[in-house]
Amino acid sequence: MDFELMLRVYPFFLKAALVTIELSVLTALLGLACGALGAAARLSRLSALRWIGAAYVSLIRGTPALIQLFLLYFGGPQIGIQLDAFSAGVIGLGVNIGAYMTETIRGAIVAVDKGQTEAARTLGLSRWQAMRKVVIPQAARLMVRPLGVNINALIKGTALVAPISVIELTYTAQRYIGSTYKPFEMFMISGALYMVIIYVTGHGVAWLDRRVRIA
Amino acid sequence: MTDQKPFVDIRNAQKSYGSLEVLKDISLQVQRGQIVAIIGPSGSGKSTLLRAINDLDPLTGGEVWLEDMQINRKLPHRQYEAHINQVRQDIGMVFQHFNLFPHLSVRGNITLAPRLLKHLSEAEANALAEEQLEKVGMLDRIDYFPSRLSGGQKQRVAIARALAMKPKVMLFDEATSALDPELVDEVNQVMKKLAEEHMTMIIVTHEMGFAESVCDRVLFMDQGVVVEEGPPEVIFRDPQNERTRNFLRKHLEGSNR
């Protein structure tokens with residue numbers, strides 16, 4: 001292994017890692033928003049909303065994320081959606097992970113004992129009050145870890161934006177392979193940095209999970 | 001029975017799930033301050049009847065009235081929701097599995113609904129919680145979380161939570177069935193106390209001794225119909241119907257074993 005080369009190029013990889021982190025954070029936020037809306041739709045009293053929620057989940061989960069991303073970035077301009085690569089990456093990946101988060105959030109909500117809603121409704125709380133004050137606080141505890149799994153997948157999924165030229169970790173590795181012909185070293189640096197990001201995030205999730213359990 | 005207007009009035013209640021009839025044209029009138037026990041084998045429809053009163057299990061036919069208000073009115077969804085949320089504030093319910101909110105302290109469990117629905121201040125809600133907990137003998141556990149309470153304590157808190165809404169009637173759905181035998185009595189004591197305060201109560205129970213000592217009237221239900229009803233001394237000492245006799249005999253054998 002060419003350590004000298006690795007030491008020389010790694011600052012550029014650190015910059016790329018920041019892009020990966022930025023991409024991950026924005027994607028996670030958009031994903032959570034889509035997941036919350038998706039779960040609300042899937043649990044709605046209105047069958048039209050339930051249908052929309054179900055269609056969203058099955059369309060997204062039934063096709064490769066890469067195709068969704070390409071469709072948005074390369075196909076978008078054809079129907080008047082013109083996005084820069086980074087925005088397309090955030091939107092494509094965010095909407096994608098949102099479908100998985102929809103199922104995570106929905107699952108946590110339905111896992112809360114039905115008796116909880118009954119007790120709240122019996123006291124006179126509305127459907128929404130019961131949801132907000134009784135069900136969601138309990139569901140929130142159940143969803144931290146599975147959402148952590150979604151976020152783990154999303155961080156690794158950010159590599160998919162390399163083909164649309166977002167200068168993040170995977171793209172950067174490919175670029176330096178082009179000039180150095182050292183794929184082993186370059187992918188090692190990228191891989192190690194992904195691992196650091198995932199390790200830190202994983203600990204953050206575990207910490208949050210402990211917090212909500214005590215509260 | 002007096003010819004006074006009934007406080008809770010169930011008229012021709014029917015309930016079916018598909019082709020399965022769970023309640024077959026049941027009527028039940030309860031006077032203010034009266035305590036009625038509903039007994040019967042599992043699957044007889046007694047819980048369904050109780051849960052129809054506050055519309056947790058909506059009837060497919062018939063009417064339920066509380067004083068001058070029809071509970072299960074046919075209204076457009078939004079209006080119905082507003083109506084039922086209002087009505088339910090007047091009907092306390094206690095469940096077999098307590099259904100305390102595990103993420104809230106005992107205090108939080110009791111003050112949630114009064115604060116949200118009656119807009120009590122924190123101080124008012126606290127005073128209310130203390131008053132109700134005192135009544136059920138749980139004041140010293142006000143800051144505990146439900147997970148640290150025994151079954152009997154949980155149920156006493158659940159009763160205090162229901163009472164904090166100042167209901168006009170209390171429904172008990174097998175409130176002691178999930179308790180260890182040695183914890184049943186503390187809950188029964190609280191219910192007796194309510195009886196002495198003339199709370200109107202409808203109690204689905206397997207505790208024949210309790211039903212006999214506390215209730216004014218007993219209904220025996222089987223397969224969706226009221227087989228026999230009357231004062232406890234008649235139902236328990238001298239039941240007229242063969243099915244009632246069979247049920248009570250089996251029940252006695254069961255509890256003596």
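Please tell me if A:Leu23 is under 19 Å from the mean Cα position of the chain (by Cα) and either among the polar types (S, T, N, Q) or open to solvent by less than 60 Å² (accessible area, probe 1.4 Å) (or both). Against the criterion (under 19 Å from the mean Cα position of the chain (by Cα) and either among the polar types (S, T, N, Q) or open to solvent by less than 60 Å² (accessible area, probe 1.4 Å) (or both)), A:Leu23 qualifies.
Checked against (1) buried (at least 17 other Cβ atoms within 10 Å of the Cβ); (2) assigned to a loop (DSSP other than H, G, I, E, B), B:His119 passes all but condition (1). Between a first residue in segment B:125-138 that is β-branched (Val, Ile, Thr) and a second residue that is part of a helix (DSSP H, G or I) and open to solvent by 20 Å² or more (accessible area, probe 1.4 Å), which pairs have beta carbons less than 6 Å apart while being 6 or more apart in sequence or on different chains? Going by the 6 Å Cβ cut-off, the qualifying pairs are B:Val136/B:Arg156. Here's a check for you: in segment B:95-116, which residue that is hydrophobic (A, V, I, L, M, F, W, C), at the interface with another protein chain (Cβ under 9 Å from one of its Cβ atoms) and open to solvent by less than 20 Å² (accessible area, probe 1.4 Å) is farthest from B:Glu174 (Cα to Cα)? Residue satisfying both the conditions and the ranking: B:Ala113.
To keep it simple, each residue is scored yes or no on (1) touching a Cys at 6+ places or on another chain (Cβ under 6 Å); (2) in a helix (DSSP H, G or I); (3) within 14 Å of chain B (Cβ to nearest Cβ).
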| residue | (1), (2), (3) |
| --- | --- |
| A:Ile81 | no, no, no |
| A:Ser87 | no, yes, no |
| A:Gly92 | no, yes, no |
| A:Met101 | no, yes, no |
| A:Thr104 | no, yes, no |
| A:Thr117 | no, yes, yes |
| A:Met131 | no, yes, yes |
| A:Leu142 | no, yes, yes |
| A:Arg145 | no, yes, no |
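Yes/no matrix, rows are residues, columns are (1) in contact with a Pro (Cβ under 8 Å, 6 or more places away or on another chain); (2) on the phi > 0 side of the Ramachandran plot; (3) open to solvent by 60 Å² or more (accessible area, probe 1.4 Å); (4) in contact (Cβ under 8 Å) with a residue 60 or more places away in the chain:
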residue: A:Gly157; (1), (2), (3), (4): no, no, no, yes
residue: A:Arg175; (1), (2), (3), (4): no, no, yes, no
residue: A:Gly178; (1), (2), (3), (4): no, no, no, no
residue: A:Arg210; (1), (2), (3), (4): no, no, yes, no
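Restricting attention to segment B:63-94, the residues that are facing another protein chain (nearest Cβ under 9 Å) and assigned to a loop (DSSP other than H, G, I, E, B) total 2. One residue stands out among those in segment A:159-169 that are in a helix (DSSP H, G or I) and touching a residue at least 60 places away in the same chain (Cβ under 8 Å): the one that is surrounded by the fewest Cβ atoms within 10 Å (Cβ to Cβ), which is A:Pro163.
The requirement of being assigned to a helix (DSSP H, G or I) and out of contact with any Lys or Arg (no Cβ under 8 Å at 6 or more places or on another chain) is fulfilled somewhere in segment B:219-233, by at least one residue.
Of everything in segment A:147-184 that's under 20 Å from A:Ala85 (Cα atoms) and among the charged types (D, E, K, R), which residue is farthest from the other protein chains (Cβ to nearest Cβ)? Once the filter is applied, the top-ranked residue is A:Arg175.
The values are calculated or read from the model by the stated rules, or taken from the named source; none is laboratory data. Just so it is clear, the model here is predicted, and its values are computed rather than measured. Every residue, glycine as well, gets a Cβ built from its backbone with ideal geometry; the counts of neighbours run over all protein chains shown. Note: areas computed on protein heavy atoms with side chains; ligands, DNA, RNA excluded. Shrake-Rupley method; radii C 1.70, N 1.55, O 1.52, S 1.80 Å.
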